[in-house]
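Below is one structure; the comments refer to it alone.
The values are calculated or read from the model by the stated rules, or taken from the named source; none is laboratory data. All values derive from a computational prediction rather than experimental measurement. Cβ sites come from the backbone with ideal geometry, for glycine too, and all protein chains shown count toward neighbours.
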Amino acid sequence: MLDIFLMGLLMAQYTYTGYDASAHVAEETKNASTAAPKGIVMSVVISIIGGWILLYSITAAIQDGSEAGLTTLNATATGLPPAQVFLDALNNPTMAKFLLFIVCGAQFFCGMASVTANSRMSYAFSRDDAIPGSKHWKKVNPRTGTPTNSIWLCIVLSSILTVPALFNETAYLAVTSVAVIGLYIAYVAPVLLRRLKGDKFKPGPWHLGRWSAVIGWIAVVWVIFICILFVLPPTLPITISTFNYSPIAVLAVLVLSIVLWYARGKKHFMQHLDKEQLATDEKKLLDEIDD
């Protein structure tokens, strides 16, 4: 049961992602120095409350919670146990389809939020000449005021990444695992650097105060734990179809990033900005924090 519980954390951790979007759209936010961090914290709070209500409701709607009943539910002909839960609880295919429509709508808007955050990241990196083809991805559409090219870049690359998942369940699990591992490594990196910086780090106008260090180190330890957990094989014995390919994918991304950095990024990243301009921008940022 413990291994099932631990593997079940994957979907929970997958749900608690995306709150960094507040930071990525900070340039388009009023009073970003306070609004962005508040948005991050409040998104976590709302996710906890809404997520628990949703999970409790679906769990309570399971008609047969015995081992045999859960085995049957998992082997449902619909291929989606939650869909079967709706069908069994409502005994009304039309209403069950309506609930699934709501779920699909939520997934769509979740995807929209992901594209928004992802495109802003690629736009920001392109603006600093950090990725190949930056001159194309950093263009802003004069009509919409958005980085349209960057948006389409993220959509196309994400679609290519998920194509194998349409034909293979193992590939789907690998993609979702990589998404969780990659996101949380990215999340915890600045937290770890902040903690290692100690008192030399100057906090912004809105922060966690005395709880910052405690929460920061808990976050670091937790991310290390879940990253180790999510690279383990989901079932035994290990075969080609049950092997967890996420560590290979994460390693591939890491190697690719290192190669691109030394091959191109190191030569071009922010090279169009001179030291005087960088110092001026840093001073402006610190002045905004003081204000």
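In the stretch 231-244, the count of residues that are closer than 21 Å to ALA12 by Cα, without any contact (Cβ under 8 Å) to a residue 40 or more places away in the chain, out of contact with any helix residue (DSSP H, G or I) (no Cβ under 6 Å at 6 or more places or on another chain) and aliphatic (A, V, I, L, M) is one or more.
The helices (runs of 4 or more DSSP H) located wholly in the stretch 20-98 that include 3 or more residues which are at pLDDT 80 or above and among the small types (Gly, Ala, Ser) occupy 32-60.
Kindly provide the set of residues from the stretch 172-198 that are hydrophobic (A, V, I, L, M, F, W, C), closer than 16 Å to ALA249 by Cβ and buried (at least 17 other Cβ atoms within 10 Å of the Cβ), ordered by number. It would help to see each step written out before you state the result.
Residues of the stretch 172-198 that are hydrophobic (A, V, I, L, M, F, W, C), as a first pass: 173-175, 178-181, 183, 185-186, 188-189, 191-193, 196.
If we keep only those that are closer than 16 Å to ALA249 by Cβ too, we end up with 173-175, 178-181, 183, 185-186.
Result: LEU173, ALA174, VAL175, VAL178, ALA179, VAL180, ILE181, LEU183.
Please enumerate the residues belonging to the stretch 83-120 that are buried (at least 16 other Cβ atoms within 10 Å of the Cβ) and of a type outside the set (A, V, I, L, M). Correct list: GLN84, PHE86, ASP88, SER114, THR116, ASN118, SER119, ARG120.
Could you check, for the stretch 143-166, whether at least one of its residues is outside any loop (DSSP other than H, G, I, E, B) and touching a His at 6+ places or on another chain (Cβ under 7 Å)? Lay out the reasoning, then the answer.
We begin by selecting, within the stretch 143-166, every residue outside any loop (DSSP other than H, G, I, E, B); these are 148-166.
After this cut, where a residue has to be touching a His at 6+ places or on another chain (Cβ under 7 Å) as well, the list is 149.
Yes - at least one qualifying residue is present in the stretch 143-166.
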